[in-house]
Amino acid sequence: MRFIDSLTSSLLMAGACAVTTFAPAMAQGLPSTGTYFITNVASGEALQPNGPTAGQNVFLVPYNKSGRQKWVLTRQVDLKTHKPTDRYLVRLAGEDTTLVMQPHPVSNCNAIITPGKSLMQLKVAPEGFAIRSVDMNGDAMCAVHVEGGNTETHFKPDDGSAVFRWKLDTTD
């Protein structure tokens, strides 16, 4: 009986190791290409630019599922392996398909929409996703509360707090 218990335990451990190693390759928990609402875990507010034109800052505003709160995430594919990566082009949904979210090249690195091809890296994190700028060498987007104004979005080193975590809701 002891031998059977030992064998069962060994098989279960081997199976757990196989699942742990195999699971990330099968399903990384990353979203497919599609249209999403992006909300901050700490505030519950949604990403929205001031307007649907180039150069507009992206703020966090009350989540109401408006058209300017819709974002198209296009998952990138590795050119060598032809497999999906953890990098995405994040653009504002709408007629102008060139308005891509990216860090503004100023000291506070707030998020803006401009024509371009700035990629974001999505990392599965506790309570949601971390959204990291490839152009900023991995600095993550976070919510920055501004007294008397809209909550701003900046890119800075991720400290693991909820202001650096994001949720994606499909628009369907």
Once both label points are put 7 Å beyond Cα along the C-beta direction, the THR81-VAL106 separation in nm becomes 3.9 nm
Between the alpha carbon centres of segment 68-95 and segment 129-144 the gap in Å comes to 15 Å
Between ASN64 and ASN137, the FRET efficiency computed from the C-beta separation at R0 = 30 Å comes out, to the nearest 0.05, as 0.30
Here the residues of segment 43-84 lying in the modelled label zone of THR97, meaning backbone nitrogen under 14 Å from a point 7 Å along Cα-to-Cβ, are 72-75
The number of Lys pairs in segment 31-170 whose alpha carbons lie under 23 Å apart, excluding pairs fewer than 8 residues apart on one chain, is 13
Under the Karplus relation with 6.51, -1.76 and 1.60 and θ = phi - 60°, whole-Hz ³J(HN,Hα) for segment 61-67, x at Gly and Pro, equal 10, x, 6, 10, 6, 6, x
On the formula 1/(1 + (r/R0)^6), with r taken between the Cβ atoms of VAL144 and LYS117 and R0 of 22 Å, the FRET efficiency rounded to 0.05 is 0.30
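Only the coordinates and a few stated rules stand behind these numbers; no lab work does. Just so you know, these numbers come straight off a predicted model, no measurement behind them. When we count neighbours, we look across all protein chains shown, and the Cβ atoms used for this are built from the backbone with ideal geometry, even at glycine.
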